[in-house]
1. Counting other C-beta atoms within 10 Å, which of GLU103, GLU133 has the fewest, and how do the rest follow?
2. Give the long-range amide H neighbours of SER52: residues separated by 5 or more places, or on another chain, with amide H under 5 Å away, using H modelled in the peptide plane at 1.01 Å from N.
3. First measure r as the distance between the Cβ atoms of HIS59 and SER12, then evaluate 1/(1 + (r/R0)^6) with R0 = 30 Å and state the FRET efficiency to the nearest 0.05.
4. In debye, nearest 20: dipole of region 1-69 around its Cα centre with unit charges on the Cβ of K, R (+) and D, E (-)?
5. Explain nothing, just compute: Karplus ³J(HN,Hα) = 6.51 cos²θ - 1.76 cosθ + 1.60, θ = phi - 60°, for every residue of region 201-206 in order, whole Hz, x for Gly and Pro.
6. Ignoring everything except DSSP H segments at least 4 long, calculate the 222 nm mean residue ellipticity for the chain; use -39,500 (n - 2.57) per segment, divide by total residues, nearest 500.
7. Using alpha-carbon pairs under 8 Å, 6+ residues apart, how would you state the relative contact order of region 35-135 in percent?
8. Using a cut-off of 15 Å between beta-carbons, work out the net charge of the residues near THR27 (Lys and Arg +1, Asp and Glu -1, THR27 not included).
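What follows draws every value from the coordinates through simple rules; no lab data is involved. Nothing here was measured: the structure is a model prediction, and the numbers come from that model. We place every Cβ from the backbone using ideal geometry, glycine too, and count neighbours over all the protein chains shown.
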Amino acid sequence: MTRSIGDFPWFSALSGEQRQRLDRQITRRSFQRGELVIGRGDPTRSVYLVASGRILAVHWTEQGREIVYNSIGPGEVFGELSAIAGLPRSLSLYAQSRSELLELPGDVLTELIDTAPSVRRAVLVGLVERIRELTERVHDLTSLSVQQRVRAHLLRLALESQVFRAGGLLRDPPTHAEIGNSIGANREAVSRCLSDLARAGVLESGRKWIRLLRPDALLPD
């Protein structure tokens with residue numbers, strides 16, 4: 001489990017003295033599943049480092065529909081955009097599971113961006129990766145069928161969890177509704193797609209698990 005600043009890639013190249021100073025400036029926070037971490041419009045500028053668990057970044061439409069933008073896991077960082085730009089939070093973030101976070105004051109990060117080239121580069125690379133992910137998501141939403149989006153989502157989950165193999169087990173996967181919110185589809189459509197995949201022998205599922213039987217079938221056509 002990631003527990004100190006030096007365990008996070010953004011800060012691993014700093015000197016031992018710098019990391020110790022940062023460790024003294026963090027606040028450790030715990031959140032239960034479903035608990036709000038940051039609300040949209042929040043003016044705070046803290047940066048959060050995920051030590052354990054997962055955080056869901058969502059946006060609520062005027063019609064009350066939840067749109068999931070990202071799921072943030074151990075070793076990842078969020079909140080840096082508000083720290084850098086000084087703008088209110090653009091998304092709401094909830095604990096997807098029981099989570100432990102390290103909270104770092106935003107002005108500490110901006111000072112490091114100014115003074116530590118390794119941190120500045122890591123932040124820039126992170127922003128580029130986020131832009132690429134959003135570009136890929138727009139492509140998926142506009143050009144792929146619901147079936148293809150469900151397969152792509154399961155593929156990402158399997159790769160992130162390092163279980164992309166025959167017999168690979170996804171433990172505590174997202175609910176059908178959560179998958180739908182992530183790919184722009186309703187729960188019923190996701191359920192139909194997963195049933196089709198099960199009948200085709202691609203996967204089998206139970207309460208809080210999905211087992212991949214033919215993971216290659218999740219790959220793009």
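1. Neighbour counts put them in this order, fewest first: GLU133, GLU103.
2. GLU100
3. Rounded to the nearest 0.05, the efficiency is 0.40.
4. Charge dipole, region 1-69, about its Cα centre: 180 debye, nearest 20.
5. Those phi angles translate into x, 7, 7, 9, 9, x Hz.
6. -12500 deg cm²/dmol
7. 35
8. Result for the neighbourhood of THR27: +2.
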